[in-house]
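Student: Have a look at this one before I ask anything.
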Amino acid sequence: VAPRVMSAVTQSPAASAWAAAGLAAFPFLFFVSAPYGKLARDGWGAPVDGRLGWFLQELPSPLALVRALTVHRDDDDPSSSCGARRWTTDDGAPSMALVAAALWCAHYANRAVRYPLTRRMSPTTIPVVLSAVAFNVVNGTVCGSELARRGCEAFGARNVPGLALMLLGVVINVTADEHLRALRTKKDGGGEGRRRERRDEPRHGKSGEHAMPAGGLFDRCVCPHYLGELLEWCGFAAMTGTAAACAFAFWTFANLFPRASAYREWYRIRFGAENGSRLPPRRAMIPSIASS
């Protein structure tokens, strides 16, 4: 995987620039968290229904990827070993790019459609939605453009370890998300010690309840759903061996790790000092990593 990635980096200045942007944003995000979910706060623009905003901000990613795959494929390459439909090899086997695109679209079908339809979501804001749309358009375009140049490469054994890691991340992410959804719907709590707190801060004029998640990976870190998403895109990067996918994996870490740290502090303030007790020794996102 490493030689393929290094070769791709030298041939993909767009992916290199995209990774550099993530590196620049990483320290900034420790100080400014996107104002949605538990970290929502006033002063960040007009509110938008959380479900609608989530759908609108996630949908551009698969659309941008598919468009880039279509626009940037090289149909006139005389050395092409693709089949007549471009996304299969001569023997009819699916290409790596086709498998990658299918997994990408499946991920965002879950994130853009199933996720907001199966849970109550707090309001977001117009600037948050627009910034997410911009990110997803750029990211989908950069990743899709590089995948298009690999459209004739057959999916083979060397892609399987990355696929396995990606699927592991999917399982962790979806399982943790469902745990949180179930916790929100329980009228009697379900968090550690069934401790609950009433949120006093206004969120567009509303108040709500939160519980401390517990069980499974929640006993090891505050945000295992973020850990799952990071593993998912690291697996995608390993499977495809593209510089753009590696840049996206780093962006995932750069975005989610600071947010997980902010969530850990959020829980510490609301639950850690209750009756003089301390927050259980959980990491923010990565179990057994002291700094996380």
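The values are calculated or read from the model by the stated rules, or taken from the named source; none is laboratory data. Just so we're clear, the structure is a prediction, and the values are computed from it rather than from any experiment. Glycine gets a Cβ as well: all are built from the backbone with ideal geometry, and neighbour counts include every protein chain shown. Each accessible area value is taken on the protein alone, full model and side chains, heavy atoms only, with ligands, DNA and RNA left out. Shrake-Rupley method; radii C 1.70, N 1.55, O 1.52, S 1.80 Å.
Student: So if we plug the beta-carbon distance of residue 134 and residue 174 into 1/(1 + (r/R0)^6) with R0 = 22 Å, what FRET efficiency do we get, rounded to 0.05?
Tutor: That gives a FRET efficiency of 0.25.
Student: Whole-Hz ³J(HN,Hα) for each residue in the range 211-220, computed from phi via Karplus 6.51 cos²θ - 1.76 cosθ + 1.60 with θ = phi - 60°, x for glycine and proline: what do you get?
Tutor: Karplus values, whole Hz, x for Gly and Pro: 10, 7, x, 8, x, x, 5, 5, 7, 9.
Student: Using θ = phi - 60° and the Karplus curve 6.51 cos²θ - 1.76 cosθ + 1.60, what whole-Hz ³J(HN,Hα) does each residue of the range 48-58 get, with Gly and Pro shown as x?
Tutor: With the stated coefficients, the range 48-58 comes to 10, 3, x, 5, 5, x, 5, 4, 5, 7, 8 Hz.
Student: Skipping prolines and chain starts, which residues have an amide H placed within reach, meaning under 5 Å, of the one on residue 154, given they are 5 or more residues away or on another chain?
Tutor: 96
Student: Still on this structure, I have one more. I want the local charge near residue 285. Using Cβ-Cβ distances under 12 Å, sum +1 for each Lys or Arg and -1 for each Asp or Glu among the other residues. Mind dumping the intermediate values first?
Tutor: Numbers: positive: 220, 259, 264, 282, 283; negative: 229.
It works out to a net charge of +4.
Student: Can you tell me the FRET efficiency between residue 28 and residue 160 if r is taken as the Cβ-Cβ distance and R0 is 41 Å, rounded to the nearest 0.05? Don't jump to the answer; show the numbers that get you there.
Tutor: Values: r = 37 Å, r/R0 = 0.90.
Calculated value: 0.65.
Student: Along the Cα-to-C-beta direction of residue 14, a point sits 7 Å from the Cα; which residues of the range 139-183 have their amide N less than 17 Å from that point?
Tutor: 139-152
Student: Continuing with this model, one more query. Please give me, ordered by residue number, the trypsin sites (Lys or Arg not before Pro) of the range 90-162 that lie in loop per DSSP and have at most 15 other Cβ atoms within 10 Å.
Tutor: On the way: sites: 111, 114, 119, 120, 149, 150, 158; in loops: 119, 120, 149, 150.
Those that pass, being in a loop and sparsely packed, are 120.
Student: Could I ask something else about it? So how much accessible area does residue 257 have, in Å² to the nearest 10, using a 1.4 Å probe?
Tutor: Answer for residue 257: close to 20 Å² accessible.
Student: A further question follows. Suppose R0 equals 25 Å; then what is the FRET efficiency for residue 102 and residue 52 from their Cβ-Cβ distance, rounded to the nearest 0.05? All intermediate terms of the calculation are to be shown ahead of the outcome.
Tutor: Working: r = 26 Å, r/R0 = 1.06.
It comes out at approximately 0.40.
Student: Going by amide H atoms built from the backbone, whose H comes under 5 Å of the H on residue 283, apart from near neighbours?
Tutor: The answer is 221, 222, 288.
Student: Same structure, new question: Quickly work out the residue 66-to-residue 39 label distance, labels modelled 7 Å from Cα along the C-beta direction, and quote it in nm with one decimal.
Tutor: Reported label-point gap for residue 39 and residue 66 is 3.1 nm.
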